[in-house]
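Chemist: Sharing a structure, written as structure tokens. Questions coming.
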Amino acid sequence: MGDLQVVEGIKKLNNNNYKTWETCMKSYLQGHDLWEVVGGSETMPPEEDVNGALRKWKIKEGKAMLSLKTTIAEEMLEYIWDENTQKEAWDTFVTLFSKKNDSRLQRLENELLSISQHDMTIAQYFHKVKSICQEITELDLQSIIEED
């Protein structure tokens, strides 16, 4: 069976493509009027159910959560099992992939060591290597990165 892919054209989030995924998902959610439940003024359900506002919020929240869950690799689901809202799930990935510490450095180094050209053009391969190196240089210089 094929993977459920509700959001067309967005590659599933994995350990190697967070920046691209984040940019595409944010644009998708904004374009479908769903960003407000993730990073806007509607991240929490309304306190009063005026004119069905709670129901509308739940529908929006559900659509946003479905969009998120269908655009991440299966192994990424474990990070958001317990999240109750789309904002919590989104923030989990922001924290996971924006860490400026040992684990992020280790992830980037592993990615750099495991990259191979395969079916990429030389330009694509060079761009990939360069972008990983750029991410390494953007690590927080104030954070202590252990030698191990």
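Chemist: What GluC sites (Glu not before Pro) does region 4-49 have in DSSP loop regions with at most 10 other beta carbons within 10 Å? Write down the numbers at each step before the final one.
Modeler: Numbers: sites: GLU8, GLU22, GLU36, GLU42, GLU47, GLU48; in loops: GLU8, GLU42, GLU47, GLU48.
Passing both the DSSP loop test and the Cβ count: GLU8, GLU47, GLU48.
Chemist: In nm, what is the difference between 0.36 nm times the number of residues separating GLN124 and GLU109 and their Cα-Cα distance?
Modeler: Numbers: separation 15, 0.36 × 15 = 5.40 nm, distance 1.87 nm.
3.5 nm is the gain from fully extending GLN124 to GLU109.
Chemist: Can I ask one more? Between MET25, MET65, MET120, where does the largest GNM mean-square fluctuation fall for the chain, given springs only between Cα atoms within less than 10 Å?
Modeler: MET120
Chemist: Stokes-Einstein at 37 °C, 0.692 mPa s, Kirkwood radius from Cα pairs: D for the chain in µm² s⁻¹? Working shown, then result.
Modeler: Working: Rh = 17.3 Å.
For these conditions, the coefficient is 189 µm²/s.
Chemist: If you place +1 on the Cβ of every Lys and Arg and -1 on the Cβ of every Asp and Glu, how big does the dipole about the Cα centre of the chain come out, in debye to the nearest 20? Could you put the intermediate results ahead of the total?
Modeler: Values: 17 positive and 27 negative charges, 124 e Å.
For this selection, approximately 600 debye.
Chemist: Then there's this: Can you list which of the chymotrypsin sites (Phe, Trp or Tyr not before Pro) found in region 1-84 are DSSP loop residues with at most 15 other C-beta atoms within 10 Å?
Modeler: Working: sites: TYR18, TRP21, TYR28, TRP35, TRP57, TYR79, TRP81; in loops: TRP35, TRP81.
Hits after loop and neighbour filter: TRP81.
Chemist: With all protein chains present, how much of the accessible area of the chain (probe radius 1.4 Å) comes from carbon and sulfur, to the nearest whole percent?
Modeler: Values: 5240 of 10070 Å².
Answer for the chain is 52 percent, counting heavy atoms of protein chains only.
Chemist: Right, another one. Helix 18-31 versus the longest principal axis of the chain: what angle, 0 to 90°, nearest 10, using Cα atoms?
Modeler: 30
Chemist: Still on this structure, please answer the following. Roll a 1.4 Å probe over the protein chains and send me the accessible area per residue for the chain in Å². Could you put the intermediate results ahead of the total?
Modeler: On the way: 10070 Å² over 148 residues.
Ligands and nucleic acids excluded, the result is 68 Å² per residue.
Chemist: Would you mind checking the tilt of helix 53-69 against the longest principal axis of the Cα atoms of the chain, expressed as 0 to 90 degrees and rounded to 10?
Modeler: On a 0 to 90 degree scale, this one is about 20.
Chemist: What is the set of long-range amide H partners of ILE72 at a cut-off below 5 Å, with H atoms built 1.01 Å from backbone N?
Modeler: Distant-sequence amide H within range of ILE72: LEU13.
The values are calculated or read from the model by the stated rules, or taken from the named source; none is laboratory data. Quick caveat: nothing in here was measured; it's all calculated off a predicted structure. Note that we place each Cβ from the backbone using ideal geometry, even for glycine, and neighbour counts take in every protein chain shown. Quick note on the areas: whole protein, heavy atoms, side chains included, nothing else; ligands and nucleic acids left out. Shrake-Rupley method; radii C 1.70, N 1.55, O 1.52, S 1.80 Å.
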